[in-house]
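Only the coordinates and a few stated rules stand behind these numbers; no lab work does. Just so we're clear, the structure is a prediction, and the values are computed from it rather than from any experiment. All Cβ positions, glycine included, derive from the backbone under ideal geometry; neighbour counts span all protein chains shown.
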Amino acid sequence: MKRCSRNCRVAWVSSFGHLIKHSLPIIRMAFLKQLRGGVAGTVKLNNLQDLHFYQMTLKHELLQTAATLSLSSTNFRAVGITEWEPIMKRVEDKFVSARYDKVLWWWNGYLKGPVHSVLLPGWPVDSLHKLIPLHEQVWFIAEDDKFWLFEGNIESIQQVLAESHSFEYYLVSKKYEWLLCENHHDVLFGVGEIIIEKLKQVERELSK
């Protein structure tokens, strides 16, 4: 299921639309946990296409979306396994009070330092370029039942998010100066003086 266009996103205002929007990754996560736990005969699939969807990781889904959008690896790429752990450790050391392999939902009480949260009008992804320059390269951490690490510029990340189902994600400065998160309630969380000031600035602009 893809995010709808700007014009049709009004439909998500209804409570039913909001439920469906956020249900897909949860359903897939539960299915994957059943498979990993060896639970047999508890999930029925209609066809091989359904099986392919559930077996596809979020990482592969996002890379497939990037390929469909013809994004180069310079603009959007998955971080390799040899790079992944030291980067995640630096993110964790600077911004998170718990290990990435122990907890999910970092925004839910695990972020270090002053945290500023805001629910902006409209879709948060539409405001990312107001918070971070379009061509700035950042770490992009996508979360479902684990963390998937990518590198890309904001313009490309916005394009990928626009064509993906909803999931929680984190954007992190390559200099580890700030962290920005969107959770499943469409709330943005900022850590670091630079991004907190940008969030407050956008808040003021949109409230006029």
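Each peptide in 64-71, 151-158 receives the mean, over its residues, of other Cβ atoms within 10 Å, and ordering these scores from highest gives 151-158, 64-71.
Note on GLU85 and TRP105: the extension gain reaches 5.4 nm, defined as 0.36 nm multiplied by sequence separation minus the Cα-Cα distance.
Starting from the Kirkwood radius over alpha-carbon pairs of the range 120-181, derive D by Stokes-Einstein at 20 °C in a medium of 1.002 mPa s and give it in µm² s⁻¹. Calculated translational D: 180 µm²/s.
Electrostatic bookkeeping for PRO124 treats Lys and Arg as +1 and Asp and Glu as -1; over the other residues with beta carbon under 9 Å from its beta carbon, the sum is -3.
Legend: distances between Cα atoms for LYS59/LYS130; LYS94/LYS198; LYS112/LYS174; pairs beyond 22 Å are LYS59/LYS130.
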